[in-house]
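Student: Got a structure here, written out as structure tokens. Questions coming.
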Amino acid sequence: MNTVKSVYSTQGAESGATAPSAAPKRSYASTSVPRHLARGAIGFGLIIGSIALVPVLGPAVLLAAPLALIAFRGCPTCWLVGLTQTLSRGRLERQCAEGVCTLTKAHPSQARRARRT
């Protein structure tokens, strides 16, 4: 019989630590809103252009559509998530305690500092 022990249960018993409460952050944000909108325009332009030009140039033009994934850093949904992250950068702060995460407004000095970087 094979048994698997949880890493968190053995660490918690030895050190009194608890399991991590939040997954690692993944950021799709850009450095600025205009740069993010430009990436969106390129991505949507490539998708729309490749579909619209099929009757004129043939199916080979559909090879331009995957290039949109590079501009979007994934899919159009990833681009939208990145847009919201870019817009809210420095304005919201996520705090996690005891397995519960909440969003709160960031301190004004932190918000200004985050917008500069």
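Student: State which residue is modelled with the highest pLDDT when the search covers only the range 20-59 and only residues that are assigned to a loop (DSSP other than H, G, I, E, B), aliphatic (A, V, I, L, M) and open to solvent by 50 Å² or more (accessible area, probe 1.4 Å).
Tutor: Applying the filter and picking the extreme gives L53.
Student: Among the residues of the range 91-104, is any charged (D, E, K, R), modelled with pLDDT under 85 and not in a loop (DSSP other than H, G, I, E, B)?
Tutor: Yes; the residues of the range 91-104 include at least one that is charged (D, E, K, R), modelled with pLDDT under 85 and not in a loop (DSSP other than H, G, I, E, B).
Student: Give the residue that is farthest from the chain's Cα centre (by Cα), with candidates limited to residues of the range 62-95 that are open to solvent by less than 50 Å² (accessible area, probe 1.4 Å) and over 16 Å from L46 (Cβ atoms).
Tutor: If we take residues in the range 62-95 being open to solvent by less than 50 Å² (accessible area, probe 1.4 Å) and over 16 Å from L46 (Cβ atoms), then G90 is farthest from the chain's Cα centre (by Cα).
The values are calculated or read from the model by the stated rules, or taken from the named source; none is laboratory data. Owing to the predicted nature of the structure, the values given are computational and were not obtained by experimental measurement. Reconstructed Cβ throughout: ideal geometry from the backbone, glycine too, with neighbour counts over all protein chains shown. What goes into the accessible areas is simple: the full protein's heavy atoms, side chains included, and nothing from ligands, DNA or RNA. Shrake-Rupley method; radii C 1.70, N 1.55, O 1.52, S 1.80 Å.
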